[in-house]
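> The following block contains the structure, expressed as structure tokens.
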Amino acid sequence: MKKLNEYIKELNIITTKIKTKENVKLHLIIILPLLYFMRKNNIITPEEFQMIINNENLKIKELKYYNFNEFFKVSNEIEEYLSEFIDDIIDLLPPTIDYQGVYFLLYEMIINVYKHSKFKNAYTQIINHDENNIDICIFDNGIGIPGSFKESSIDSLNDCEAIYEAINGKTTDKEKFVIHGMGLNSTAKLTTLGFEGEMLIASGKGICEITEKGAKPYLNSHEIKGTFVILKIKNKKIKDIYEYLKFKNISKIKED
């Protein structure tokens, strides 16, 4: 299973090649936001795009668009849609996966996209490396976590600190929203402690890697429009997901 820093390294390689108009090898294109970017900007042909997404280990589903300003008026409709959408995603995973745990992760991440991102396009990607190692990727081309903070007049030092503050409870939720999630904090703890996995969030020039040891936020050399989240999880049963849902501050990993 790829390490989180390998995804960022590959992300930067592909982004650099795009900006310098170099050819991009198809085997490098496993990062969903860049796959989307390449399709929309004719960097890869429709046939090449289909070849990539038809890979038996790679499954992509697009989220339905709802007008952000009308979100609270159609919350019941979105709840029903999300229930069906998430069940379809879970059907792509090994049948032995912990249904309740994965449902929670998908719901929390997707509802954040609808509540905060103001996206035009958003995708969920599943990579089944094998029966025991699974990547769940969610990408949107919205305003991003730093952008959401700025729109709500919440000051952060920089993009990576905005992400770190978001996973530790800082939110731009408005009272008008009917649907409220448990937040990135619970998602991070369930991913890293419950599923014994890793989580990566990239938005703007900020990146935050989260493991069982804590969080490592840092600035990246390239900017991502929107937000890219990857949950790398083990295929295992969780005895009680609720023990991971209580808020607990995720500390920064101390540099060696």
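Laboratory data are not the source of any read-out in this text; all were calculated from the coordinates shown. Bear in mind that the values here come from a model prediction, so they are computed numbers and not experimental data.
> Taking θ as phi - 60°, what are the ³J(HN,Hα) couplings along the stretch 91-106 by the Karplus curve (6.51, -1.76, 1.60), each to the nearest whole Hz, with x for Gly and Pro?
Values per residue, Gly and Pro as x: 5, 7, 9, x, x, 8, 5, 6, 4, 4, x, 5, 4, 4, 4, 5 Hz.
> A follow-up question, please. Using the structure shown, select from K115/K232; K120/K239; K73/K232 the pairs with a Cα to Cα distance greater than 32 angstrom.
K120/K239; K73/K232
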